[in-house]
Amino acid sequence: MGSDLKKTLNKNLAGKGLRNTSVDLSVLKYYKQYAKTYADIHNGVVVLSDLTANWSFTFMGEIAERLHLSSAKRKLEINSIWEDFLLERVHPEDLAVKHALELQFLELVKKTEPKERFRYQANSVLRVEGKDGQIMLMSHQIIYLATPGQEFPQLALCCYTLMPDREDRQSKKNYIFNQFSGEVFPLDKQEMKDVMSVREKEVLRCIRAGMSSKEIAEKLALSVNTVNRHRQNILQKLRVRNSHEAISIYNKMYDQDDTSL
């Protein structure tokens with residue numbers, strides 16, 4: 001993942017007052033109203049993330065009741081681009097696929113002509129734990145929103161809506177879609193394999209074996225600082241928060257009988 005995105009995703013808040021956003025406030029206001037309307041009409045959860053400020057706005061329809069979200073978790077703003085209040089309820093396997101698809105989506109649109117980028121969306125199906133442990137199927141869509149200026153991406157919109165309980169999960173559910181041409185791009189495991197360098201794969205294999213940074217450094221003849229830098233690069237490239245999620249996601253990029261990791 002490019003250095004520009006890494007800087008964007010890890011950008012700190014300017015302070016407790018005004019946030020350091022690169023998005024025109026009138027544009028942000030417009031999309032906030034759209035997100036609220038979508039959530040109300042579809043009874044879903046909509047998250048509008050300002051990637052330039054590491055900040056999100058959440059809007060919830062009646063599905064919040066079935067998700068049994070507390071009042072505190074229904075707050076409008078989050079000091080993060082990650083909707084952890086919902087992601088922590090997603091089945092780990094589905095979360096791994098979701099992140100892998102989003103990574104493929106980002107790499108695809110970054111290589112697309114600027115005027116074409118906003119015609120694409122990524123779709124996935126998630127098993128989400130609701131009230132009293134009930135498992136619900138939810139559809140997730142993510143799109144990057146058009147904003148003035150050269151910086152990309154600035155805004156992302158994630159929409160979660162309820163699906164029929166008996167939806168056929170064997171059909172194609174995880175894909176990228178061009179809303180103008182109708183072209184579909186399924187989850188590409190082979191492309192995902194090439195995201196990380198050979199050294200990063202070696203480090204991740206050691207992490208999966210339960211080795212500490214010091215043990216990895218000794219095994220690979222590296223400094224501890226270099227190992228830690230590789231670990232951070234892995235988290236950034238796979239867009240995850242910890243090594244456990246990184247291992248889960250990367251495992252999903254390989255067939256069960258593939259031991260090359």
Segment 33-86 accessible area per residue, 1.4 Å probe, protein heavy atoms, integer Å², reads 44
Please list the non-local residues whose amide H lies under 5 Å from the amide H of L69, H modeled 1.01 Å from N, same-chain partners needing a gap of 5 or more. none
For all pairs of alpha-carbon atoms in segment 8-163, what percent lies in each bin of width 10 Å, listed from the first bin to the last filled one? 10, 40, 37, 12, 1
Label-to-label distance, nm, for residues given as E88 and K214 (7 Å Cα→Cβ offset): 3.1
Pop the C-beta distance of T112 and Q232 into the FRET formula with R0 = 25 Å and round what comes out to the nearest 0.05. 0.35
Using a Förster distance of 51 Å, how high is the FRET efficiency between R205 and S26, based on the Cβ-Cβ distance and rounded to 0.05? 0.55
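What FRET efficiency do you get for A146 and E62 if R0 is 30 Å and r is their Cβ-Cβ distance, rounded to the nearest 0.05? Please list the in-between numbers first.
Details: r = 29 Å, r/R0 = 0.98.
After rounding, the FRET efficiency stands at 0.55.
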If we sort 83-90, 140-147, 126-133 on the protection proxy, mean other Cβ atoms within 10 Å, highest first, what's the order? 140-147, 83-90, 126-133
Spin-label model distance (nm) - N251 vs K131, 7 Å beyond Cα toward Cβ: 3.3
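The values are calculated or read from the model by the stated rules, or taken from the named source; none is laboratory data. All values reported here derive from a predicted model rather than from experimental measurement. Neighbour counts are summed over all protein chains in view; Cβ atoms, including those assigned to glycine, are modelled from backbone coordinates with ideal geometry. Remember, those area values only see protein heavy atoms, side chains included, never the ligands or the DNA or RNA. Shrake-Rupley method; radii C 1.70, N 1.55, O 1.52, S 1.80 Å.
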